[in-house]
1. If I stretch the segment between Glu170 and Asp124 completely, what's the gain in nm (0.36 nm per residue apart, minus their alpha carbon distance), one decimal?
2. Less than 14 Å Cβ to Cβ from Thr12, Lys/Arg counted +1 and Asp/Glu -1: what total charge do the surrounding residues give?
3. Please give the charge dipole size of the range 2-187, origin at the Cα centre, charges +1 on K and R Cβ atoms and -1 on D and E Cβ atoms. Round to the nearest 20 debye.
4. Just check the range 84-175 against the gyration tensor rule for me: Cα atoms, a ≥ b ≥ c as the square roots of the eigenvalues, rounded for a/c under 1.5, and otherwise prolate or oblate depending on whether a/b exceeds b/c.
5. For the peptides 8-14, 87-93, what is the packing order when you average, over each peptide's residues, the other Cβ atoms within 10 Å and list the highest mean first?
6. So what is the relative contact order for the chain, in percent, with contacts set as C-alpha pairs under 8 Å and at least six apart?
7. So how do 59-70, 105-116 stack up, highest first, on mean other-Cβ count within 10 Å?
Amino acid sequence: MALEKLIKKVSTQINQVSAVVLAFQATTSIASLSINEFMPKDGQTIVFTSGNDDLIPLPYTVTARIIDFFMYAPITLRQNLHGNKVKWVSNATKKEVLEGLSDPKYQNVAFIGHGTSFSFWAADGPVYPEDVLDLPKKSGELIQHTCGYGSPELRNALLIDPQKGYWFDEPISAGKNYLTAWKQVIVSF
């Protein structure tokens, strides 16, 4: 009987914490959307998300929407704090990624989803360094919320200064991705 009470108490606490996290995320996403709309400049940062991950048993579009829900606020807010308006491309195809990267108004780029140091897995397949070699290099930063192992690095092909931005050099979890994004907002102040 005591075990049943403990399980019920823990379950209730988990549900309460989940409700608080979801409410926080929804509120900050709405606030970030509003702030981004009022940013004076058009463009500067483009964000690509992708749900392309066969280890997750959901359709790619569903996975991308979950990524969007949790990552929109911290990524957008950080860019807004740097004076950049953000264009968000959800569940981007390889064509959408390459078109966005070729647009000179976007000097800052973020990839969120499945990938490595040398790739970003768009909805319909990977983007590799050789795919972007003919594009003009960006003067801004690359934010990679993907796993980070392997080389050559995509950031070397995309950026004038490959040290700008942040990335991971190991396999990462969704929780680490999320917490790192919020940490980067805090250190932006």
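Rule-based calculations on the coordinates, nothing more; no lab input. Note that the structure is predicted; figures quoted are calculated from it, not measured. Cβ: placed from backbone, ideal geometry, glycine included. Neighbour counts: every protein chain shown.
1. On the way: separation 46, 0.36 × 46 = 16.56 nm, distance 2.38 nm.
In short, 14.2 nm is gained.
2. Details: positive: Lys5, Lys8, Lys9; negative: Glu4.
With Lys, Arg at +1 and Asp, Glu at -1, the net is +2.
3. Working: 17 positive and 18 negative charges, 154 e Å.
Roughly 740 debye for the range 2-187.
4. Values: a/c = 1.32, a/b = 1.19, b/c = 1.11.
Judged from the Cα gyration tensor, the range 84-175 comes out rounded (a/c under 1.5).
5. Values: 8-14: 10.0, 87-93: 19.9.
For the peptides 8-14, 87-93, the packing ranking is 87-93, 8-14.
6. On the way: 340 pairs, mean separation 37.7, N = 189.
Value for the chain: 20 percent.
7. Numbers: 59-70: 17.1, 105-116: 22.4.
Ranked from most to least packed, the peptides come out as 105-116, 59-70.
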